[in-house]
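The block underneath contains the structure these notes are about, expressed in structure tokens.
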Amino acid sequence: MKSTNGFDVVYCIAKGGQGSVYKLSGKIPPEIGLLNNLQALHLNANQLNGSIPREIGQLKFLNELALGMNSLEGPIPASLGNLSNLAALYLQDNYLTGPIPSDFGNLKHLTVMYLSNNTLSGSIPSELGNLKSLVKLFINENNLSGSIPTSLGDLTNLTVLYLFDNKLSGVIPKEIGNLKSIVRLVLSQNQLNGSIPTSLGDLSNLETLYLRDNQLSGSIPQEMENLMKLTVLELDNNNFSGYLPQNICRGGSLHNFTAYNNHFIGPIPKSLKTCKSLVRVRLEGNQLTGNISEGFGAYPNLQFIDLSHNNLHGEISLLWGQCPQLAALLAAGNNLTGVIPLEISHATQIQVLDLSSNSLVGVIPKNFGRLTSLVNLRLNGNQLWGPIPSEFGSLTAIEYLDLSTNKFNESIPEIFGYLLKLHYLNLSNNKFSQEIPFQLGKVQSPTTKHFKMLEWKGITDCVATLED
């Protein structure tokens with residue numbers, strides 16, 4: 001068909017976005033359905049509103065439809081299922097409501113479907129399993145409910161499946177293990193229950209698996225150790241139990257491993273000790289056991305590790321000082337013993353160090369003054385003794401410092417008064433011998449109530465100064 005100015009319309013591209021001179025606004029006119037030869041309609045990132053005209057379903061040659069990042073609302077027209085040549089569909093980041101049309105099962109040439117970040121409801125149509133050419137499916141961040149259709153296991157060309165942040169329930173279908181091409185599988189932030197199917201261990205190309213924030217239970221299948229390309233595994237905030245897979249870093253590529261707030265028992269996975277790829281590890285809030293000094297090695301890229309609130313024992317390894325990128329080390333609420341090794345001071349990028357509520361003894365190493373990036377230091381609830389090193393005066397970035405419930409003695413160093421970013425200081429339940437130094441009044445932004453926990457002569461004058 002000819003357009004009104006006599007030309008064949010094949011492409012219609014009007015992309016807005018940051019830096020654009022203009023943005024289209026208003027509604028998409030139903031007359032767009034008269035452009036019979038249109039092959040691509042790109043209206044992403046504008047300010048379009050209103051509903052999607054059902055007349056778009058008349059564009060039988062259309063292979064790309066991009067209406068994402070607008071303010072479109074209302075239901076997705078079922079007529080879009082008539083676009084038999086459609087290869088790419090982008091409707092993400094709008095205000096679309098209602099169900100995903102089952103007619104989408106007719107889009108046999110579709111390779112990518114973006115429906116994320118809308119307000120779509122209802123169940124995922126089983127007809128989506130007919131889309132054998134589909135490579136990427138994004139239907140995350142909606143209000144979809146019901147179970148994951150077993151038919152999705154027929155999408156053998158699928159490399160990316162994002163279902164996170166919906167209200168999906170039921171079990172993870174074992175048929176998901178048929179997705180032999182899948183690279184990224186994201187099922188987090190739903191209401192899924194039951195155990196992880198052993199068939200997930202067959203996903204030989206899987207690199208990232210997100211299962212966090214569900215109601216999953218049972219043990220982790222040993223078959224998961226077969227995922228040789230795995231880089232990200234997130235299991236946190238579920239009801240998992242049993243042992244963590246001992247060879248989870250068998251492929252040597254794992255960099256993000258989180259399993260916090262579950263009911264895991266037993267030792268730290270042995271493969272983690274030599275897993276040089278690790279960047280982020282969170283295992284806190286379980287019942288893990290074993291010797292912490294035997295569970296970990298030195299990691300060139302590790303930035304964050306949290307082992308807090310488990311049943312780990314042993315001494316703190318000297319090897320933490322050989323983690324040059326380490327920014328946070330947390331191991332509170334365990335049964336750690338021995339001294340704080342001075343080698344930790346070699347990890348000069350560290351910002352958060354929490355070794356509280358253990359049974360550590362000895363003095364704080366003077367070399368801690370080298371940790372000039374330190375913002376949060378918690379050593380409370382141990383059996384540390386001796387003076388607080390004057391080298392703490394070099395910790396100019398420190399904001400939170402808790403040394404309470406130890407056996408520190410001698411005088412309180414005046415240097416605390418020169419740590420001008422300090423807003424929380426707790427030194428209570430120790431054995432200090434003198435009044436609080438007047439220099440503490442120099443602290444610029446204290447939370448006064450925390451100073452009131454200090455039960456020494458001179459506290460009234462100090463707090464009065466801090467409040468002025």
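The values are calculated or read from the model by the stated rules, or taken from the named source; none is laboratory data. Since this is a predicted model, take the numbers as computed values, not measurements. Cβ: placed from backbone, ideal geometry, glycine included. Neighbour counts: every protein chain shown.
Answer with yes or no whether Pro267 is free of Cβ contacts under 8 Å to residues at least 60 places away in the same chain, within 25 Å of His346 (Cβ to Cβ) and surrounded by fewer than 18 Cβ atoms within 10 Å (Cβ to Cβ).
When the stated conditions are applied, Pro267 does not pass them.
Kindly provide the set of residues from region 136-169 that are closer than 21 Å to Gly218 by Cβ and under 23 Å from the mean Cα position of the chain (by Cα), ordered by number.
If the condition is that a residue be closer than 21 Å to Gly218 by Cβ and under 23 Å from the mean Cα position of the chain (by Cα), then Ile148, Leu163, Phe164, Leu168, Ser169 are the ones that fit.
If a residue must be in contact with a strand residue (DSSP E or B) (Cβ under 9 Å, 6 or more places away or on another chain) and either assigned to a strand (DSSP E or B) or within 16 Å of Asn130 (Cα to Cα) (or both), how many such residues does region 48-107 contain?
Result for region 48-107: 26.
If you scan region 89-101, which residues turn out to be buried (at least 17 other Cβ atoms within 10 Å of the Cβ) and more than 28 Å from the chain's Cα centre (by Cα)?
If the condition is that a residue be buried (at least 17 other Cβ atoms within 10 Å of the Cβ) and more than 28 Å from the chain's Cα centre (by Cα), then Pro101 is the only one that fits.
Answer with yes or no whether Gly122 is in contact with a Pro (Cβ under 7 Å, 6 or more places away or on another chain) and either within 21 Å of Ile196 (Cβ to Cβ) or among the acidic types (Asp, Glu) (or both).
No; evaluated as a whole, the condition is false for this residue.
Which of the residues that make up region 194-221 are over 17 Å from His263 (Cβ atoms), out of contact with any Phe, Trp or Tyr (no Cβ under 9 Å at 6 or more places or on another chain) and not in a loop (DSSP other than H, G, I, E, B)?
Thr198, Ser199, Leu200, Gly201, Asp202, Thr208, Leu209
Closer than 29 Å to Glu175 by Cβ and not in a loop (DSSP other than H, G, I, E, B): is that true of Ser121 in this structure?
yes
Just give me the residues in region 276-298 being farther than 17 Å from Gly333 by Cβ, part of a loop (DSSP other than H, G, I, E, B) and not aromatic (Phe, Trp, Tyr), in sequence order.
Lys276, Ser277, Leu278, Val279, Gly297, Ala298
Hey, which of the strands (runs of 3 or more DSSP E) in region 338-448, taking only ones fully inside, have at least 3 residues that are modelled with pLDDT under 90, more than 35 Å from the chain's Cα centre (by Cα) and buried (at least 19 other Cβ atoms within 10 Å of the Cβ)?
It comes to none.
If you go through region 160-172 one residue at a time, how many are surrounded by fewer than 18 Cβ atoms within 10 Å (Cβ to Cβ) and of a type outside the set (A, V, I, L, M)?
The number of residues fulfilling the criteria is 3.
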